[in-house]
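The values are calculated or read from the model by the stated rules, or taken from the named source; none is laboratory data. Keep in mind the model is a prediction, meaning the values are calculated, not measured. Counting neighbours? That spans all protein chains shown, and the Cβs are built from the backbone with ideal geometry, glycine included. Heads up: the accessible areas ignore ligands, DNA and RNA and are worked out on the full protein's heavy atoms, side chains in. Shrake-Rupley method; radii C 1.70, N 1.55, O 1.52, S 1.80 Å.
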Amino acid sequence: MSRIFVTGSADGLGKMAAQLLIDQGHQVVLHARNKMRAQEALASVPGAETAAVGDVASIAQTRDVAEQVNQLGSFDAVIHNVGVGYREPRRIQTEDGLPHVFAINTLAPYLLTALVHRPKRLIYLSSGLHRSGDISLEDLSWERRPWQGAAAYSDTKLHDVLLAFAVARRWPEVLSNALEPGWVPTKMGGPGAPDD
Ligand SMILES: NC(=O)c1ccc[n+]([C@@H]2O[C@H](COP(=O)([O-])OP(=O)(O)OC[C@H]3O[C@@H](n4cnc5c(N)ncnc54)[C@H](OP(=O)(O)O)[C@@H]3O)[C@@H](O)[C@H]2O)c1
């Protein structure tokens with residue numbers, strides 16, 4: 001039996017993974033953007049231990065999420081699942097001056113990886129779209145390029161793979177993987193998504 005923290009687990013794949021893990025006997029801590037979503041998440045995932053709260057579009061709130069998780073003690077695994085999709089029609093700027101999609105999909109997993117006590121296993125939700133990501137890593141904050149939502153999303157999903165592999169290289173005692181879940185019918189994937 002393992003203890004697992006799943007980010008972005010109020011809905012979608014994170015919620016489903018949390019429930020599957022609990023059904024298999026594991027101990028799971030959820031994460032949601034605010035207190036109301038945390039209550040909804042806890043009500044819809046019976047057996048979850050508790051939920052960390054914080055909007056990971058904010059660096060300050062992401063740091064706070066890391067503190068909450070560390071207060072809970074140690075974890076066997078962290079699933080970095082939280083994400084927003086490719087349909088942002090313009091460069092939505094966060095309180096830290098960053099593109100919303102970059103803050104949530106790239107920076108939040110990076111910060112949480114750095115700040116949460118090191119688990120035995122790290123899992124990062126990437127996407128098949130990582131193959132279209134810009135490997136140059138130039139203009140990460142989309143200040144010099146005209147905004148393209150799909151390209152911005154693809155970049156972040158490439159960053160998740162790079163992060164998983166960098167962690168694997170630097171922390172050889174930690175299992176670190178990235179995965180593509182397919183195109184699945186969640187809030188992000190939309191009702192017409194073809195995969196399971
Ligand atoms: N669905 C697909 O076909 C697909 C394909 C490839 C990769 N992925 C990846 O799989 C992961 C999960 O996607 P999904 O399809 O399950 O998405 P989803 O259904 O939209 O769920 C995303 C979850 O993240 C939470 N979240 C989003 N922004 C947040 C923020 N700023 N702070 C805190 N929580 C936040 C959402 O909270 P609320 O419920 O409160 O909004 C929701 O619980 C993502 O990393 C995504 O890139 C999905």
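Of everything in the stretch 1-23 that's open to solvent by less than 10 Å² (accessible area, probe 1.4 Å) and either within 6 Å of the ligand (Cβ to nearest atom) or of a type in the set (S, T, N, Q) (or both), which residue is nearest to the chain's Cα centre (by Cα)? Among those residues, the one meeting the criterion is Thr7. Can you name the residue in the stretch 128-144 that is over 17 Å from His100 (Cβ atoms) and among the polar types (S, T, N, Q) and, of all such residues, is most open to solvent (accessible area, probe 1.4 Å)? Here the answer is Ser132. In summary, helices (runs of 4 or more DSSP H) completely within the stretch 22-126 and bearing 3 or more residues that are without any contact (Cβ under 8 Å) to a residue 24 or more places away in the chain occur at 35-44, 59-71.
Of all residues assigned to the stretch 141-153, none qualifies as being closer than 19 Å to Asp11 by Cβ, assigned to a helix (DSSP H, G or I) and among the aliphatic types (A, V, I, L, M). I'm checking my understanding of the structure. Among residues of the stretch 52-67 that are surrounded by fewer than 18 Cβ atoms within 10 Å (Cβ to Cβ) and under 17 Å from Arg118 (Cβ atoms), which one is nearest to the ligand (Cβ to nearest atom)? Checked the stretch 52-67; the qualifying residue nearest to the ligand (Cβ to nearest atom) is Arg63. Would the stretch 67-76 turn up any residue that is on the phi < 0 side of the Ramachandran plot and under 14 Å from the mean Cα position of the chain (by Cα)? The answer is no, given that none of the residues of the stretch 67-76 is on the phi < 0 side of the Ramachandran plot and under 14 Å from the mean Cα position of the chain (by Cα).
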